[in-house]
Amino acid sequence: MATRPGPVDLRTYVDADEVLARGRALRSELPASAHDHRAAGPDRPDVLDYIADSNVGRLADLTPLRIGRMTLSPFAFFRGAAGLMAADFAGTPDSGLQAQLCGDAHAANFGLYGTPDGQIVMDINDFDETIPGPWEWDLKRLSASLVLAGRVGGVSEQGCRDAAQDAVKSYRKTMRTLAEAPFLRSWSALSDASILDKVKADALLDDFDEASKKALRNTSEKVVARWTEHLEDHTTGIRRHRFVTDPPILTRVDAITADRVTAGLNDYVDTLRESRRNLISRFAVSDVAFRIVGTGSVGLRSYVALLHGNRSEDLVLQIKQAKQSALAPYVQAETPRHEGKRIVRGARMVQSETDILLGWTTIDGLPYIVRQFRNLKGDIDPTSLKRSLLDDYGRLAGALLARAHARSLDPRLLAGYFEDGKALDRDIGSFAVRYADQTERDHSELVAAVAAGAIEAADG
């Protein structure tokens, strides 16, 4: 297991050139060519065995839906197979430098969301698999996902490879820029639309603006308007809302479950910062429902809670089960006492702005995270982008990933490692194409098993 970080020493100053030199020394030990390695690991599990293992602990009646979503395309399969890629990464060369990983840094896990003051930023937005590990793993997963997304969207092979390589180039250049910036400035850099100009992704501006407009409409008020009905307490005259079911996506829960979820929310309040505890304590739960989310998360227990606020105000929270990170068996990291806390701490470490109501709790002995549901969220679908836009998206995502990693890994170390690092773009790009080919084979194996009746899949 990895040891805890050492104590902070504010008496000793380490010169920037000394840190850069440490990074340069690593390059002699691990050349760029080492990153152009095989796709499938020698100890990777069989595809169907992996899926069966990853379904353990999920609700059995929902696992066919998860399988159905994974069969839609190789990119969809990839989204649900972070653990399989981690098994393939085990034993591959790395520089020995660790960052707080997203753990599932595929192209669709970068999105828009709102800051506490209502501004729209773009960043990594999924941390279910977050864990300390080799920075290379996130970057290679991002690069491979761009190839897969491009293939789904009909982009040429050269266009897919270019997008993967440009993500690596942008990661390198951004890390070098952050290494030269004042610490306080680099900490929250590159979060708003100005990043498009900085990483030469201006062609995405229209897509960014459209996604931003959608995000601004994605509020609790909109959820309430679409998914709830009015109820009036004739004794008090108070009008409140209740979720309207939409099976199988949104379903009611029994009174016992609703009470346990509400009790979990009471406990969750203690995981917030003091001022935010005061904020959430002014609300009261009106209703609880079960809601299916995502691809990799299908089958996990996931609830939405409707809270009544000031007069006609409503707030919707998501309470989502937290499993062990799919990367945990393959990295040296401490075993967390609470998987929800692991996710929250990872998000707080990595994101430039974090949901002010993000926290964790325990319900019926299982760990959960709690966050605002659809908090001004939006996205740019990477599978819908043409070649030139996919290239820009790769540069955008690569820059965001670099900024995220620089929160936990000194960017000066990587800047030293990356000097004259153009070969790294090519070598990780080659790996990305090779891994995309492997994922297509894995996807075909799953599709064939479904067609043969060996595994059940459902639409939805």
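Quick notes
- Efficiency of FRET from Cβ geometry, Ala452 and Val293, R₀ 30 Å, rounded to 0.05: 0.55
- Taking 0.36 nm per residue of separation and subtracting the Cα-Cα distance, full extension of the segment from Arg217 to Glu445 would add 78.1 nm.
- In a simple Cβ point-charge model (Lys, Arg +1; Asp, Glu -1; nothing else charged), the chain has a dipole of about 700 debye relative to its Cα centre.
- For the chain, the alpha carbon convex hull comes to 147 Å³ per residue, rounded to a whole number.
- Calculated FRET value between Glu274 and Asp117, using beta carbons and R₀ = 22 Å, to 0.05: 0.70
- Label zone (Leu250, point 7 Å along Cα-to-C-beta; backbone nitrogen cut-off 18 Å) within segment 349-379: 371-378.
- Where Rh is the Kirkwood radius over Cα pairs, Rg/Rh for segment 217-372: 0.98
- Inter-probe distance in nm under a simple model that places probes 7 Å from Cα toward Cβ, at Ala423 and Asp437: 2.2
- Inter-part distance where segment 242-292 and segment 88-149 are each reduced to a Cα centre, Å: 29
- The gain in end-to-end length when the Leu30 to Leu205 segment is fully stretched comes to 59.2 nm, 0.36 nm per residue minus the alpha carbon separation.
- The separation of segment 323-396 from segment 42-66, counted between C-alpha centres, amounts to 21 Å.
- When segment 217-372 is described by a simple charge dipole with +1 on each Lys and Arg Cβ and -1 on each Asp and Glu Cβ, the residue from His230, Gln332, Ala258 located farthest towards its positive end is Gln332.
- Measuring r between the beta carbons of Arg38 and Gln332 and using R0 = 25 Å, the FRET efficiency lands at 0.70.
- About the Cα centre, charge dipole magnitude for segment 217-372 (Lys/Arg +1, Asp/Glu -1 at Cβ), debye: 360
- Fraction of the pair-distance distribution of segment 17-124 above 23 Å, Cα-Cα pairs, percent: 51
- Fewest-first ordering of Asp459, Asp259 by other beta carbons within 10 Å of each residue's beta carbon gives Asp459, Asp259.
Each reported figure results from applying straightforward, stated rules to the coordinates on display, with no laboratory input. Keep in mind it's a predicted model, so treat the numbers as computed, not measured. Methodologically, a virtual Cβ is constructed for each residue, glycine included, from the backbone with ideal geometry; neighbour enumeration extends over all protein chains shown.
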